[in-house]
Amino acid sequence: MARNITARSKDYSEWYLDVIKAGQLADYSPVKGAMVIRPTGYALWENMQADLDRRFKETGHVNAYFPLLIPESFMTKEAEHVEGFAPECAVVTHGGGKKLDEPLYIRPTSETIIGHMYSKWLTSWRELPILINQWANVLRWEMRTRLFLRTSEFLWQEGHTAHETEGEAQDETLKMLEVYRAFSEDVLAIPVIKGRKTEKEKFPGAVATYCIEGFMQDGKALQMGTSHNLGQNFARAFEIKFTGRDNTEQLAWTTSWGVSTRLVGALIMAHSDDDGLVVPPRLAPKLGVVVPLWKNEEERTAVEPFARQAFELLQSKLGALKVIWDADTDKRPADRFFGWVQQGIPFRLEIGPRDAAQGSVCLVTRHDRQKRILSLDELAGGIAGILETMQAELYQQALERRSAGTVRVDSWADFQQAIQERKWVEAHWDGTGATEAAIKEASKATIRCLPFDWADEPGVCVFSGQPSARRVLFATAY
C-alpha cells in the first residue's frame, strides 16, 4: 500500500481524494465547491469526450453551442423545471457596473435556452428531427461537494432533440441511454444497470427519466448518465411548433440527455486500488511507459539502444503519443515505477542490463502487477492482446464486485441490515411516493431505478406490506 494513500478499508472518502492527489488529476479552486482539472485528469475527460462525440455523430447528432447566461423569464416558463433547479441556481444581477433589467441565470442546464432557439428555427415537419449536442460547463450551487463527483461547476455534454411524434422521442431517449451503457461497459469497463427513475427521482419537467447506475467499490451507487423524455412540456412552454404533414400546427416532442465529469470519479472508484489510479486501456491517454535501467555509462551503452528499439516498436503498434520514455536516472527505479503506478499507466517495460543482454523485456501490468518476460517479437505480437485482456479483466472484476455486493431481501429487517452493510438491494416496493419517501427517511437508501431487464414478480412491499408488482433497485448513492 502506498504511504501517501489511505487504505480503502480505513477511510474510503480519504482514499478517493488521496488517489486524485497522487495521480495529479484535480485540485481545489479558490472558489469553494469548484475544482481545477489538472492535465492528467483532463486527458481522461478528453478521451471520454472523443469517444462519446464519435458515438453521438454516428447516431446522427451534430454539435452546437448555446449561451452560458439564461434570462430569468426563461427559467420560470416551465414550473416544475424552475422549482426543481431553483435551490441550485446562481443568478447574475449586475453587469457593466449597473443593475440588470432582468436577472440572468448561469446555466444549470440548457433546456430553456435551447427550447427558445428551437422555437425560432422550427417551422415544418420536414425539418425534424433536430438532433443537437453541446459540450459545455454548467453551474449548480452545491452545498456538499467532492472532486469530480459533485462540484458547483462541472463539464458535461447535453443532447437536446426535437421530434415529430411521441414514439420518435421515446426511441431517441432509449437510444441515447444505450449509447451511455455501451460506452460505460465497453470503454470504462464499468457494468451498469439500465432502468427508469421513479416519479420522485425524475428530471424536473420530464415525462420520464432513464438512467444507468454503476456499483462503486464501497457499495454505493453512482448515477453515471441520464436520458429524459420531455414529452411536450418544454415545447408547450417555449412554443416549439411546426406545421405537420396534415398542414395543422403541432407541438414538437423533445428529449435531453447527458453525462459529465463525474465519470472520472466513477472510473476512480470502480477500478483503483490502495496504490492509486487504475485506468482501463481503452480509455488511457498513455498506454505504457518504457523504463530503461542503468547505474553507469557502461550499462547505459548496453541498455539504451535496445530499450529505444522496444520503445519505437511500441510506438509503431500503439501510437507515437501512447508510450512514454522514462530515463530519469535521478530517481531510484522503485520511485520511477511507483510514480507510473499512481498515474494508472496500464503497463510498464523494465529493461536492465541483463534484459538487454538476453534480448528481452519485463512487462508489468498495472491492474494485477503480473510480470511477463518477452522477446521483442513476443512484445510486438502480444501487446494488443495483453491490453484487451486487461480491459476484460477489469470489467469482470467490477461485475463480480457488483454481484457480491447485491442481495435480494423480503423483510424490512433484512433490508435495513443490507443497506447498513452498504449493499445493493433488490426488493419489492408498492409503487407509492409516500413509501419511497419513508424508506429514504428510515434508511437513507433511494430507489436507483426500475431496471429494464428485471421481470415482473408479484410480491409484498418490503416496507408497507402492500402488494407489489415487481422488485426495484435500492442503494445509498453519491
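Being in a loop (DSSP other than H, G, I, E, B), open to solvent by 30 Å² or more (accessible area, probe 1.4 Å) and small (G, A, S) is the requirement here; does A334 meet it? Spelling it out, it is not the case that A334 is in a loop (DSSP other than H, G, I, E, B), open to solvent by 30 Å² or more (accessible area, probe 1.4 Å) and small (G, A, S). Could you list, in sequence order, all residues of region 310-324 that are surrounded by 15 or more Cβ atoms within 10 Å (Cβ to Cβ) and either in a strand (DSSP E or B) or not charged (D, E, K, R) (or both)? The answer is A310, F311, L313, L314, Q315, L318, V323, I324. Among the residues making up region 354-404, those that are of a type in the set (D, E, K, R) and not in a strand (DSSP E or B) are R354, D355, R366, D368, R369, D377, E378, E388, E393, E400, R401, R402.
Filtered by the rule that a residue be part of a strand (DSSP E or B) and either free of Cβ contacts under 8 Å to residues at least 60 places away in the same chain or open to solvent by 40 Å² or more (accessible area, probe 1.4 Å) (or both), region 139-168 gives L139, R146, R150, E153, L155. Residue selection: D430 satisfies the criterion of being touching a Cys at 6+ places or on another chain (Cβ under 9 Å), over 23 Å from A270 (Cα atoms) and either of a type in the set (A, V, I, L, M) or open to solvent by 20 Å² or more (accessible area, probe 1.4 Å) (or both). Of all the listed residues (L44, L68), the sole one being hydrophobic (A, V, I, L, M, F, W, C) and either in contact with a strand residue (DSSP E or B) (Cβ under 6 Å, 6 or more places away or on another chain) or surrounded by fewer than 18 Cβ atoms within 10 Å (Cβ to Cβ) (or both) is L68.
Residues that are part of a loop (DSSP other than H, G, I, E, B), at pLDDT 95 or above, of a type in the set (A, V, I, L, M, F, W, C) and more than 15 Å from G344 (Cα to Cα): does region 66-76 have at least one? Reasoning before the result, please.
Just the residues of region 66-76 that are part of a loop (DSSP other than H, G, I, E, B), to begin with: 66-68, 76.
In the following step, the residues that additionally are at pLDDT 95 or above were identified as 66-68.
Then keep just the ones that are of a type in the set (A, V, I, L, M, F, W, C); that gives 66, 68.
Of the ones still in play, those that are also more than 15 Å from G344 (Cα to Cα) are 66, 68.
Yes, because at least one residue in region 66-76 is part of a loop (DSSP other than H, G, I, E, B), at pLDDT 95 or above, of a type in the set (A, V, I, L, M, F, W, C) and more than 15 Å from G344 (Cα to Cα).
The single condition from (1) open to solvent by 10 Å² or more (accessible area, probe 1.4 Å); (2) modelled with pLDDT of 95 or more; (3) of a type outside the set (F, W, Y) that A237 fails is (2). Among residues of region 356-393 being among the charged types (D, E, K, R) and free of Cβ contacts under 8 Å to residues at least 24 places away in the same chain, the one that is farthest from I5 (Cα to Cα) is D377. Residues in region 77-91 that are open to solvent by less than 40 Å² (accessible area, probe 1.4 Å) and outside any helix (DSSP H, G or I): 3 in all. Looking across E421, E393, E441, E400, one residue alone is under 30 Å from K322 (Cβ atoms), loosely packed, with under 14 Cβ neighbours inside 10 Å and within 28 Å of the chain's Cα centre (by Cα). It is E400.
The values are calculated or read from the model by the stated rules, or taken from the named source; none is laboratory data. Source: prediction; values computed, not measured. As a convention, Cβ positions derive from the backbone with ideal geometry for all residues, glycine included, and neighbour counts pool all protein chains shown. Note: areas computed on protein heavy atoms with side chains; ligands, DNA, RNA excluded. Shrake-Rupley method; radii C 1.70, N 1.55, O 1.52, S 1.80 Å.
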